[in-house]
Each structure stands twice: as C-alpha cells, then as structure tokens.
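*Asks:* The following block contains the structure, expressed as structure tokens.
No value in this document is a laboratory result; all are computed from the given coordinates. On a predicted model such as this, the values are computed, not experimentally measured, just so you know. Every residue, glycine among them, receives a Cβ derived from its backbone with ideal geometry; neighbour counts consider all protein chains shown.
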Amino acid sequence: MSEHEQPDGYEGVVTVVVEGEEPRTAHAALAARFDPLAGHVVWKGRVSAGLPARTPLVLRTLHGSGSAEAVERDPWGNTRVRGVGRPPFPVELLDAASGTGPAR
C-alpha cells in the first residue's frame with residue numbers, strides 16, 4: 001500500500017455551523033484521502049447531529065474549519081457528511097505541499 005492510500009483522519013469534538021441556526025457541538029469521525037480520479041483530496045465522515053440531507057454546513061475543529069454537505073442520516077441519528085475543499089483537520093499530503101506541516 002502506498003503512503004497516499006492510508007487516509008488521514010480526525011475523531012473528536014466539532015462545532016457544527018448551519019446558516020440561520022445556533023452553532024452546536026457534536027462528535028465527528030472524519031477521514032480524508034487523495035482521490036486520483038478526482039485529482040484532489042476528498043473527505044467525508046459522520047457527525048453526531050441530526051441534519052436533513054443536502055444541508056450545507058461548516059465543521060470547525062481546533063485545527064480549522066471546512067465546508068461540507070449533509071448526505072444522509074444513519075439509523076442511529078448521525079449524519080453522514082461530504083467535505084468540499086480543505087478539511088478541518090491536518091492532512092499530511094496537503095500540509096506537506098503547502099509547507100505548513102510539522103517541521104522536520
């Protein structure tokens with residue numbers, strides 16, 4: 001397996017921001033990986049907040065924020081999300097390319 005096949009991820013507390021609503025805290029399990037067909041990093045995951053499908057949102061972590069869209073609700077009341085643009089957590093491939101990663 002190459003180094004780019006192993007997804008970078010985040011599991012922990014996030015702030016979920018939906019336009020017109022008060023921000024709320026939730027638990028998230030998110031992963032990012034390089035998609036060679038798309039030619040960029042894609043990210044998705046699950047958030048412990050009940051949101052309708054196609055709801056645009058912003059997820060904030062201590063590392064940053066990222067735009068996403070609610071995809072569907074699972075049987076346990078969580079919402080699956082798909083990220084748009086840079087994820088709200090460190091991604092080694094992106095950080096190395098931009099020079100913002102940890103010093104070596």
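*Asks:* Suppose each label sits 7 Å from its Cα in the direction of the beta carbon; what would the Glu69-Glu11 distance come out to in nanometres?
*Replies:* A separation of 2.8 nm, rounded to one decimal place.
*Asks:* As an exercise, use a Förster radius of 22 Å and the Cβ-Cβ distance of Asp35 and Arg80 to find the FRET efficiency, rounded to the nearest 0.05.
*Replies:* Details: r = 17 Å, r/R0 = 0.78.
Taking R0 as 22 Å, the efficiency between Asp35 and Arg80 is 0.80.
*Asks:* If amide H atoms are built 1.01 Å from N in the plane of the peptide, which residues on other chains or at least 5 residues away come under 5 Å of the amide H of Val81?
*Replies:* Hits under the 5 Å cutoff: Gly45, Arg46, Val47, Val71.
*Asks:* Moving to a separate point now. Out of the stretch 20-84, which chymotrypsin sites (Phe, Trp or Tyr not before Pro) are coil in DSSP terms and have no more than 15 other C-beta atoms within 10 Å? Provide the component values of the computation, followed by the final result.
*Replies:* Values: sites: Phe34, Trp43, Trp76; in loops: Trp76.
Sites meeting the loop and neighbour criteria: Trp76.
*Asks:* Continuing with this model, one more query. Along the Cα→Cβ direction, 7 angstrom out, place labels at Glu22 and Leu62. What is the inter-label distance in nm?
*Replies:* Those two pseudo-labels are separated by 2.5 nm.
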